[in-house]
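Taken together, the values in this text are just the output of simple stated rules run on the coordinates, not laboratory data. From a predicted model like this one, the values you see are computed outputs, not experimental measurements. Neighbour counts are summed over all protein chains in view; Cβ atoms, including those assigned to glycine, are modelled from backbone coordinates with ideal geometry.
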Amino acid sequence: MVDSSVAVSCSNCSVRRLCLPAGLSQADIDRLEGVTRKKRIVRAGEMLYSAGDSFQNLYAIRSGSFKRAVIAADGDTQVTHFALPGELLGLDAYSRRLHSSYAEALEDSSVCLLPFVQLEWLAQQVPALQQQIYSLFSDELRQENEILMLLGKRAADTRLAALLINISSRYARCGCSSSQFVLSMPRIDIANYLGLSAETVSRLFSRFHREHLIRVNGRSVQILNLVGLSEIAGTHCGYENHP
């Protein structure tokens, strides 16, 4: 893949409060920018990294979205994560220093490159940054636990409703609309992630639409009844005044 890296400023980033600079002073952000001032454009369908690649960078998503997936020994692919703006990719490769999964852009996307060797060195000089990195690792573990809980729910409608609530709340965190968004991932990827068939996922979207829980137009989704969707998901609405 051609490296489309260009200079970028953390100070002007729309998702900075969710990324590494969150909670850092301007002086520390300036030091961070001295380590990482590049972004990469990744076109839809292109790989950000592949399984087996050496671990060199963390990737902060500025715009767009990605799917993370692993390929089993029998050749089957399992989607393990959908990553949205303000979130990081690459943390799972830290311990082995090799990527065991691949990350593919679901749409034209841009990421900030965070070279981990330099980042780790800077974290030793800036305690707030070190604390932020620990928090990111904690968030990664929490997300993995949430995935296990989601896939442990046997009812198909519960799984899909929980995923929609999860995506909605994550868009709310990055300042985007939590009630109306585009699902960049195709139905077949959603089905793979949830352990369902594509036909079941399509039927559930149609059912939720008929029951006025959501309005679906292609990949565009509008949540009409957050409370009702949350009840199916078996969760409590985590934010108020849903727009």
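Odds and ends about this structure:
- In terms of the mean number of neighbouring beta-carbon atoms within 10 Å, the peptides 104-111, 89-96 order highest first as 104-111, 89-96.
- As a rough guide to protection, the peptides 210-219, 60-69 ranked by mean Cβ packing within 10 Å, highest first, stand as 60-69, 210-219.
- A protection proxy built from the mean count of other Cβ atoms within 10 Å ranks the segments 113-123, 161-171, most packed first, as 161-171, 113-123.
- Computed from the Cα positions only, the extents of the range 6-150 along the three principal axes stand at 50, 28, 28 Å, in decreasing order.
- Viscosity 1.567 mPa s, 4 °C: Kirkwood-radius Stokes-Einstein D of the range 155-233 over Cα pairs, µm²/s: 104
- Whole-number Å³ per residue for the convex hull built on Cα positions in the range 86-157: 137
- Dipole magnitude of the chain about its Cα centre (Cβ charges: Lys, Arg +1; Asp, Glu -1), debye to nearest 20: 400
- Counted by Cβ distance under 14 Å from residue 177, the other residues give a net charge of +3, where Lys and Arg count +1 and Asp and Glu count -1.
- When the alpha carbon coordinates of the chain are projected onto the principal axes, the ranges are 54, 46, 29 Å, largest first.
- For the chain, the relative contact order comes to 18 percent (Cα pairs under 8 Å, sequence separation of at least 6).
- Under Karplus coefficients 6.51, -1.76 and 1.60, residue-wise ³J(HN,Hα) of the range 170-175 in Hz, glycine/proline x: 6, 5, 4, 4, 8, x
- Helical mean residue ellipticity (222 nm; -39500 (n - 2.57) per DSSP H run of 4+; nearest 500) of the chain: -12000 deg cm²/dmol
- Averaging 1/r over each pair of different alpha-carbon atoms in the range 30-72 and inverting the result gives 12.7 Å, the Kirkwood hydrodynamic radius.
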